[in-house]
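**Q** I am attaching a structure below and will ask some questions about it afterwards.
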């Protein structure tokens, strides 16, 4: 599952969000909205939109590859940086769309998840998104550890766990059960192929 990270797709996810919000999106807001889209998509379809690895940090879950692309980081290879720079630019803490999104990189279900979070959470302030992302079990289970460390690796299977005030409740139990099964099968296949 973690081998599904695709820098082209992640670039287009960032580009799509920026375009849908008027051409620019704050990096923190983008990271939070993508986390929410990943969680929604995982619980409904058994895979993350981004295929990225998650790290728990004090401000909530962070995707390592998404953050690198959003920052146009020095950690990116030249192909990744050149591709991302064709579609987005970084202006301070904002990501600006500079070219129409390439929809061939996004599936219909990816767009469904992005539209879901834009409709439901797109008007939230950064501070509200931080509070919201702290409510999920997958982050809360690391809260005490984060008092001693700045970052902790997260296990994607924890995204399926329900919490008392879960914000992704639109997915039925039956759908989530099928998604868990698909996710676990995908993990087993990837383990065999390594």
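**Q** All but one of (1) at pLDDT 95 or above; (2) surrounded by 15 or more Cβ atoms within 10 Å (Cβ to Cβ); (3) farther than 20 Å from residue 40 by Cα hold for residue 145; state the number of the condition that does not hold.
**A** Going through (1) at pLDDT 95 or above; (2) surrounded by 15 or more Cβ atoms within 10 Å (Cβ to Cβ); (3) farther than 20 Å from residue 40 by Cα one by one, residue 145 breaks only (2).
**Q** Enumerate the pairs (first residue in region 149-169 and modelled with pLDDT under 75; second residue anywhere and part of a loop (DSSP other than H, G, I, E, B)) with beta-carbon separation below 7 Å, excluding pairs fewer than 6 apart on the same chain, so at least 6 apart or on different chains.
**A** That search, which allows pairs on different chains as well, returns 163/135; 163/136; 165/135; 167/135.
**Q** Same structure again: Filter region 97-111 for residues that are in a helix (DSSP H, G or I) and touching a residue at least 60 places away in the same chain (Cβ under 8 Å); which is farthest from residue 9 (Cα to Cα)?
**A** Looking at residues that are in a helix (DSSP H, G or I) and touching a residue at least 60 places away in the same chain (Cβ under 8 Å), I get 109.
**Q** Checking the condition assigned to a loop (DSSP other than H, G, I, E, B) and crowded, with 18+ Cβ neighbours inside 10 Å, which residue from 114, 76, 129 passes?
**A** Answer to the selection: 76.
**Q** A further question on this structure: Would you confirm whether or not region 175-183 contains a residue that is under 18 Å from residue 61 (Cβ atoms), out of contact with any strand residue (DSSP E or B) (no Cβ under 8 Å at 6 or more places or on another chain) and either surrounded by fewer than 16 Cβ atoms within 10 Å (Cβ to Cβ) or modelled with pLDDT under 95 (or both)?
**A** For region 175-183, residues under 18 Å from residue 61 (Cβ atoms), out of contact with any strand residue (DSSP E or B) (no Cβ under 8 Å at 6 or more places or on another chain) and either surrounded by fewer than 16 Cβ atoms within 10 Å (Cβ to Cβ) or modelled with pLDDT under 95 (or both): present.
**Q** Follow-up question, since we're still on this one. If a residue has to be touching a strand residue (DSSP E or B) at 6+ places or on another chain (Cβ under 8 Å), closer than 27 Å to residue 25 by Cα and either without any contact (Cβ under 8 Å) to a residue 40 or more places away in the chain or in a loop (DSSP other than H, G, I, E, B) (or both) to count, how many in region 132-148 make the cut?
**A** Total satisfying the criteria: 2.
The values are calculated or read from the model by the stated rules, or taken from the named source; none is laboratory data. If you're wondering where the values come from, they're calculated on a predicted model, not measured in any experiment. All Cβ positions, glycine included, derive from the backbone under ideal geometry; neighbour counts span all protein chains shown.
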